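The structure appears below as structure tokens.
The values are calculated or read from the model by the stated rules, or taken from the named source; none is laboratory data. Given the structure is predicted, the values throughout are model-derived calculations rather than measurements. Using ideal geometry, Cβ is built from the backbone for each residue, glycine included, and neighbour counts are taken over all protein chains shown. Side chains are part of the model used for accessible areas, which takes the heavy atoms of the whole protein and leaves out ligands, DNA and RNA. Shrake-Rupley method; radii C 1.70, N 1.55, O 1.52, S 1.80 Å.
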Amino acid sequence: MSSSVSSQHDQVLVEENSFARILTLNRPKQLNALSFQMISRLLELFLAYEEDPNVKLVILKGKGRAFCAGGDVVAVVHDIWAGGWRAGANFFMKEFSLNYLMATYSKPQVSILNGIVMGGGNGVSMHGRFRVATENSVFAMPETALGLFPDVGASYFLSRLPGFFGEYVGLTGARLDGAEMLACGLATHFVPSAKLPMVEAALCDADSSDPVIISSIIDQYCEKPSLKEQTVYNRLDVIDRCFSQRTVEEILSALEREVVDQRDGWIFATIQTLKKASPTSLKISLRSIRVGRVQGVGACLAREYRMVCHVMRGEFSKDFFEGCRAMLLDKDKNPKWEPSKLEHIADTTIDRYFSKVKDEDWEDLKPPTRSKFNLPPYVIAKL
């Protein structure tokens, strides 16, 4: 037990500084991939800080070249192999509860995204009030290549990006840089990495939880980055035409028509990326993002928890385990998806991922209880 507590404390470093608490994800060799211990510790700290009147804001950052490259999926797979799918369910229950707490937090959370921020790393940052990108930021939700789907509340934040950019990012796992993150709204600010120590120092001296004041402090160190000439963000017209289609098959057909018209290398690469991804993952991901457009953050996380439990049970497809084998364990990068084609997957099969799990011991996600009376208006809007 003491070793587990020590591990939790080592993996999340805590710095108490005037009115702020600085939390540093500390697994740099693993690109700060979130372990169960890290998630548990973050949940404990965020709950404590919300009750502490001396804490005005929380700063979250990562040690090394990553903010956080995602959840420790390899550890989850090993846990499932050792203890059954419920071992994985425990991980996601805890992770999604943390995501919900961050999304409904009554104090400002400032996430410093100075490096890789992928998968579960977005779950512990995108739901927070402020997301600071730099020239080193690299965003992605690469789950469809792993036989999973964009989870951690991604059906909430991706569905709220401009046009159908969220469908594009979620289905393809496309990587975005800091300037693109700012342009589409995934980041709230862009600060050159050399100025981050000054931002942190100024925030620590802020005796306020007022988002307007916190934002104005960060603004003093901001720059407006230029989008690269070849940025995907300049292709929003093509993305909207194609990724607004009703089904994954229709999205691919629309992209193939664009290739004929434009002979564009980027469109061809997008088609190839989609064809390499798990067909089942693509279908449940598109449905999830579309449903997320009309749901609050709590409903999105509860639905995603149902979905991830079905994925781990492997009733309808074992693509998650095959994707992890091919991409993370054996690393042959050659997953054998089953079903192997989009047309082999019926809508009724996709419906099952959104249904309750038929297991007498299974329960829906029960996130931390929140009092709406203590929440600021921008948080209530998410609900």
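Laid out as a table, the results:
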{"quantity": "Cα lying deepest toward the dipole's positive end in segment 257-361, options CYS300, ILE271, THR348, charges on Cβ", "calculated": "ILE271"}
{"quantity": "Segment 149-297: equivalent-ellipsoid semi-axes (sqrt of 5 x gyration tensor eigenvalues, Cα, Å)", "calculated": "34, 19, 12"}
{"quantity": "CD proxy at 222 nm, helix term only [per DSSP H run n ≥ 4: -39500 (n - 2.57); per residue of the chain; nearest 500]", "calculated": "-14000 deg cm²/dmol"}
{"quantity": "Length-normalised contact order for segment 293-383 - Cα pairs under 8 Å, 6+ apart - percent", "calculated": "36 percent"}
{"quantity": "Pairs of lysines in segment 294-367 (C-alpha under 24 Å apart; 8 or more residues apart or interchain)", "calculated": "10"}
{"quantity": "Folded to 0 to 90 degrees: helix 2-11 orientation relative to the chain principal axis, Cα", "calculated": "90 degrees"}
{"quantity": "Given charges at beta-carbon only (K, R positive; D, E negative), |dipole| of segment 122-229 in Debye", "calculated": "180 debye"}
{"quantity": "Cα→Cβ-extended label distance, 7 Å offset, between ASN136 and THR247, nm", "calculated": "4.6 nm"}
{"quantity": "Under 26 Å from LYS195, Cα to Cα: lysines that are on another chain or at least 8 residues apart", "calculated": "LYS29, LYS56, LYS61, LYS63, LYS107, LYS224, LYS228"}
{"quantity": "Heavy atoms of LYS318: accessible area, 1.4 Å probe, square angstrom to 10", "calculated": "130 Å²"}
{"quantity": "Three-way shape call for the chain based on the alpha-carbon gyration tensor, with the a/c threshold at 1.5", "calculated": "oblate"}
{"quantity": "Approximate spin-label separation GLU363-LEU196, in nm, with each point projected 7 Å along Cα-to-Cβ", "calculated": "3.9 nm"}
{"quantity": "Estimated dipole of the chain in Debye, rounded to 20 [Cβ of Lys and Arg +1, of Asp and Glu -1, Cα centre]", "calculated": "260 debye"}
{"quantity": "The chain - percent relative contact order, Cα under 8 Å, separation 6 or more", "calculated": "17 percent"}
{"quantity": "Estimated FRET transfer efficiency (PHE268, ASP332; beta-carbon r; R0 25 Å; 0.05)", "calculated": "0.55"}
{"quantity": "Cα gyration tensor shape for segment 320-383, rounded if a/c is under 1.5, else prolate or oblate", "calculated": "prolate"}
{"quantity": "Accessible-area ranking of ARG65, ARG241, ARG290, ARG131, largest first, probe 1.4 Å", "calculated": "ARG65, ARG241, ARG290, ARG131"}
{"quantity": "Between 0 and 90°, nearest 10: helix 265-276 axis offset from the chain longest Cα axis", "calculated": "80 degrees"}
{"quantity": "P(r) of segment 241-293 over all Cα-Cα pairs, binned every 5 Å from zero, in whole percent", "calculated": "4, 20, 29, 25, 14, 7, 1"}
{"quantity": "Ranked order, VAL232, VAL291 - accessible area, probe 1.4 Å, largest first", "calculated": "VAL291, VAL232"}
{"quantity": "Global form of segment 283-330, assessed from the alpha-carbon gyration tensor, a/c cut-off 1.5", "calculated": "prolate"}
